[in-house]
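Contents: one structure, followed by commentary.
The values are calculated or read from the model by the stated rules, or taken from the named source; none is laboratory data. Bear in mind that the values here come from a model prediction, so they are computed numbers and not experimental data. Using ideal geometry, Cβ is built from the backbone for each residue, glycine included, and neighbour counts are taken over all protein chains shown.
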Amino acid sequence: MAVDSIPPIILTQLNYLLTHSPYSIKVEQMWSGSKNHAYLDRFTLLIPFCLDYIKWDVIYNAQFPLLPPDVIFGPEDETFRPFPAGREGEIKAKNSLSDWNCKDPTRLLLLIHELRSLYMAYQKKRVGEVDDERLKFEINTMYSREGIEMYMSSGVDKPEEVKFAVPLLEMDLNKMVAGSTWRHQQKIYLQVIYPVSRKYLAMASAPRLKLISSPELKALFSIDEFRLPSWLEGMCMAEYLPTLEEMLESQIRDAVSSIEVRRKFITALAIPFGRPLEADPVFCRKATFLACSGVFTFLVHFTLPLQFPRQQPAVVLQSSQHFHSHSGNAPIKSAILQDYPWSPRWDVSQMAERISDYLVDECLNFKKHCNEVLVQQR
Amino acid sequence: MDDLSSLHKIQISGPTLASLLHRFSSAPADFDGLLFGRISHLTPSPLSDDPSPSDDHPTLIATVTSFFSSPSPTTFHSPSLHHLISSSPDPLIGWFSGRRKTPLRPSMRESSLTLSLSSDPTFNLTNCLFILLTTPFQDQLIHTHEYKAFQFRSSTGLFEPKTLDVVNLGPAFRGHYGSFTPNSRFPDLPFEVKGLGSESMVEDEGKVESDKFGLVCDEGFNVGRLKSLMGSEAAGYTAELEELYGNMIKKMNGLARVVEQSSARLLEQEKHNMKLRCKVAGIE
């Protein structure tokens, strides 16, 4: 995409939208609508909604840059009318399109945000109109929860389904991790998908449940390793959610406290190895030390798993004196070392000492390996 | 018009559609405009003796006879919109929008505009037509245009896709001969013809102006005098008449030149406007 062929008015608004939106909005494609294809003035936005993306085409007109953009919604949302026109004589409510000022870079962001919240209300209304007893009950009992997004999925060849994105845990995950560098608010959601049955069934099947977190959270807590509590027959969301949240909360507290355990281990490593060259100060998942045996100097990389100390760290040695002659002079590294003595019951200083002792012999093997590689390269 | 009535189909003559498509392909960017025409009831004539329960509803057919467009998506900002609509020989039946490389479904602006157009009592458009013109996303395709016609139902607030029946020459369309006068309206500009002073053209339907025009053109040569062509004085009159014709052709040539020059000036002005717009937008 050539940036210089986007009219500056459109570019500043688009850049403002992409950098200032609390949701991570993406541009899927950008193209031109003028006769000579000179300027890119229309693009498809991918907007996060209900743990999925909605695609909206934003249509500017490069020939008439002062006019506000038009938006084409998805083919399923034919009845979505965000700004209904008032009858003659009625006072029209102001929206982000009234008094459009193309020189104001915030306008596109305001428009997209207003449309997204109207779309949220529209989907909520559609879901509310579904004639399903159980769904109605679930919506009523979950009503007090804030920030639930819902989506009515219907199509010619798709089964009718209602999707919910339920934000879990009221605690602020960003604040729980000291010194976190997360730009977006970290959140865990429960995705609940109900098939629409339209008639009352005494034994309604369990909804499809899936835990989804914001992607950066995996440095702290792995959502894939969390086992969802089982859904009992005749259960409803209002019963299920408190148990789930309780479990999740205790596991996240454990995950946060395990940062401290890892930090202690890294500190303990500093006794035999000296100060680390590099260490991850926020989540304490990585640390690198410089070590030597005679004149042979090498780096020791530690990668700490989330399950530390139950799971031992992965250790990799890297020579600072031996390099591959081909493949861009990369330093020679060992395979992941795992057969060193380890017990989760040892205290951290003992763990560090045992690894250090192990490496006294192992580094000689690694040195031999490095020399062999160099001989082969000749 | 009964709101419950659903259109059976929409008809448009080949030349009108071709003209619409030409406007679209020659427009520098997106554009829109008004559709004029009529809605007619077609009572079905059962030819067989079969007493099958044919529906009592007469078939409703909309016919697009002409359109008006300005070369930009600003037709509805035109100050002379109401005058334009009231001066048309056929009533307003809807509008159209042309936008390149976009999905073939109504956009947010188009939905709102159609809704407000159909709810405005001055237009009496309870079943507003809407024709959407787009071009395909890939440039290398054989067909260069896509279009879809809709009827907007104000009762449901939905666009119903309708078949657009293109009426062409040929035996299948013999019944339509004479029912079409394809025309495309001249853009409504506040113009003045020199020497005619057309400011009163609207009020008296141009009768005075027409007389004046006649005076300028035929130089007082009364039609009644044409009968002198018969008989003994014919020779003299023929010469006089030939001179009159000569002068008229000269005037026509002059007029054609003036029209050509003014078109060129108009084009220049339009280019200048575009440059100004680009300057405002920061693109040179």
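Which residues, counting only those in segment B:244-284, are of a type in the set (D, E, K, R) and either in a helix (DSSP H, G or I) or touching a His at 6+ places or on another chain (Cβ under 7 Å) (or both)?
Initially, segment B:244-284 is screened for residues of a type in the set (D, E, K, R), giving B:250-251, B:257, B:260, B:265, B:268, B:270-271, B:275, B:277, B:279, B:284.
Selection gives B:Lys250, B:Lys251, B:Arg257, B:Glu260, B:Arg265, B:Glu268, B:Glu270, B:Lys271, B:Lys275, B:Arg277, B:Lys279.
So is A:Val71 at pLDDT 85 or above, over 30 Å from B:Ala27 (Cα atoms) and in contact with a helix residue (DSSP H, G or I) (Cβ under 9 Å, 6 or more places away or on another chain) or not?
no
Can you pull out the residues in segment A:266-315 that are of a type in the set (S, T, N, Q), surrounded by 14 or more Cβ atoms within 10 Å (Cβ to Cβ) and either closer than 20 Å to A:Arg345 by Cβ or out of contact with any Leu (no Cβ under 6 Å at 6 or more places or on another chain) (or both)?
Going residue by residue through segment A:266-315, those that are of a type in the set (S, T, N, Q) are A:267, A:288, A:293, A:297, A:303, A:307, A:311-312.
Now restrict to residues that are surrounded by 14 or more Cβ atoms within 10 Å (Cβ to Cβ): A:267, A:288, A:293, A:303, A:312.
Listed by number, the residues that qualify are A:Thr267, A:Ser293, A:Thr303, A:Gln312.
When segment B:114-160 is examined, which residues are found to be at the interface with another protein chain (Cβ under 8 Å from one of its Cβ atoms) and without any contact (Cβ under 8 Å) to a residue 40 or more places away in the chain?
Scanning segment B:114-160 gives B:Ser116, B:Ser119, B:Asp120, B:Pro121, B:Phe137, B:Leu158.
In segment B:82-113, which residue that is assigned to a helix (DSSP H, G or I) and facing chain A (nearest Cβ under 9 Å) is surrounded by the fewest Cβ atoms within 10 Å (Cβ to Cβ)?
B:Ser112
Can you tell me which residue within segment A:146-168, out of those that are assigned to a loop (DSSP other than H, G, I, E, B) and surrounded by 15 or more Cβ atoms within 10 Å (Cβ to Cβ), is modelled with the lowest pLDDT?
Taking segment A:146-168 first, the residues assigned to a loop (DSSP other than H, G, I, E, B) are A:146-148, A:154-160.
Still in the list and also surrounded by 15 or more Cβ atoms within 10 Å (Cβ to Cβ): A:148, A:160.
Working: A:Ile148: 86, A:Glu160: 78.
Only one residue fits best here, namely A:Glu160.
Those residues that are over 26 Å from B:Leu158 (Cβ atoms), part of a loop (DSSP other than H, G, I, E, B) and more than 7 Å from chain B (Cβ to nearest Cβ), I need them from segment A:37-66; list them, please.
A:His37, A:Ala38, A:Leu51, A:Tyr60
Taking A:Asp131, is it of a type in the set (Asp, Glu), part of a loop (DSSP other than H, G, I, E, B), crowded, with 16+ Cβ neighbours inside 10 Å and on the phi < 0 side of the Ramachandran plot?
No: the conditions fail for A:Asp131.
I'd like to check something: does segment A:341-348 contain any residue that is within 35 Å of the chain's Cα centre (by Cα) and assigned to a helix (DSSP H, G or I)?
Looking through segment A:341-348, at least one residue is within 35 Å of the chain's Cα centre (by Cα) and assigned to a helix (DSSP H, G or I).
In segment A:80-117, how many residues are modelled with pLDDT of 85 or more and β-branched (Val, Ile, Thr)?
Within segment A:80-117, residues that are modelled with pLDDT of 85 or more and β-branched (Val, Ile, Thr) number 2.
Which of (1) in contact (Cβ under 8 Å) with a residue 40 or more places away in the chain; (2) in a helix (DSSP H, G or I) is the odd one out, the single condition A:Tyr240 does not satisfy?
(1) is the only condition that A:Tyr240 fails.
Is segment A:39-54 home to any residue that is more than 32 Å from the chain's Cα centre (by Cα), modelled with pLDDT under 90 and surrounded by fewer than 21 Cβ atoms within 10 Å (Cβ to Cβ)?
No; the residues of segment A:39-54 include none that is more than 32 Å from the chain's Cα centre (by Cα), modelled with pLDDT under 90 and surrounded by fewer than 21 Cβ atoms within 10 Å (Cβ to Cβ).
Are there any pairs with C-beta distances below 6 angstrom linking a residue in segment A:270-293 that is without any contact (Cβ under 8 Å) to a residue 40 or more places away in the chain and within 24 Å of A:Leu173 (Cβ to Cβ) to a residue that is assigned to a strand (DSSP E or B) and not hydrophobic (A, V, I, L, M, F, W, C), with the two at least 6 apart or on different chains, and if so which?
Short answer, once both residue conditions are applied: A:Asp280/A:Lys286; A:Lys286/A:Thr303.
Which residue is modelled with the lowest pLDDT, if the candidates are limited to segment A:4-36 and must be within 16 Å of B:Asp139 (Cβ to Cβ) and outside any strand (DSSP E or B)?
That would be A:Asn36.
Restricting attention to segment A:332-378, and to residues there that are loosely packed, with under 13 Cβ neighbours inside 10 Å and basic (Lys, Arg), which single residue is farthest from A:Lys264 (Cα to Cα)?
A:Arg378
State whether the residues of segment A:126-133 include one that is within 7 Å of chain B (Cβ to nearest Cβ) and either modelled with pLDDT of 90 or more or out of contact with any strand residue (DSSP E or B) (no Cβ under 8 Å at 6 or more places or on another chain) (or both). Reasoning before the result, please.
Start the filter on segment A:126-133 by keeping residues that are within 7 Å of chain B (Cβ to nearest Cβ), which leaves none.
Looking for residues that are within 7 Å of chain B (Cβ to nearest Cβ) and either modelled with pLDDT of 90 or more or out of contact with any strand residue (DSSP E or B) (no Cβ under 8 Å at 6 or more places or on another chain) (or both), one finds none in segment A:126-133, hence no.
Run down A:Leu306, A:Leu317, A:Leu299 and say which single residue is in a loop (DSSP other than H, G, I, E, B), at pLDDT 85 or above, within 33 Å of the chain's Cα centre (by Cα) and outside the structural domain of A:Val177 (by TED's automatic domain parsing). So that I can check it myself, show each step before the final result.
Working: A:Leu317 fails: in a loop (DSSP other than H, G, I, E, B); A:Leu299 fails: in a loop (DSSP other than H, G, I, E, B).
Criteria check complete, one pass: A:Leu306.
Which count do you get for residues in segment A:350-374 that are more than 15 Å from A:Gly274 (Cβ to Cβ) and hydroxyl-bearing (Ser, Thr, Tyr)?
1
Quick check: anything in segment A:78-89 free of Cβ contacts under 8 Å to residues at least 40 places away in the same chain and away from chain B (no Cβ under 14 Å)?
No; the residues of segment A:78-89 include none that is free of Cβ contacts under 8 Å to residues at least 40 places away in the same chain and away from chain B (no Cβ under 14 Å).
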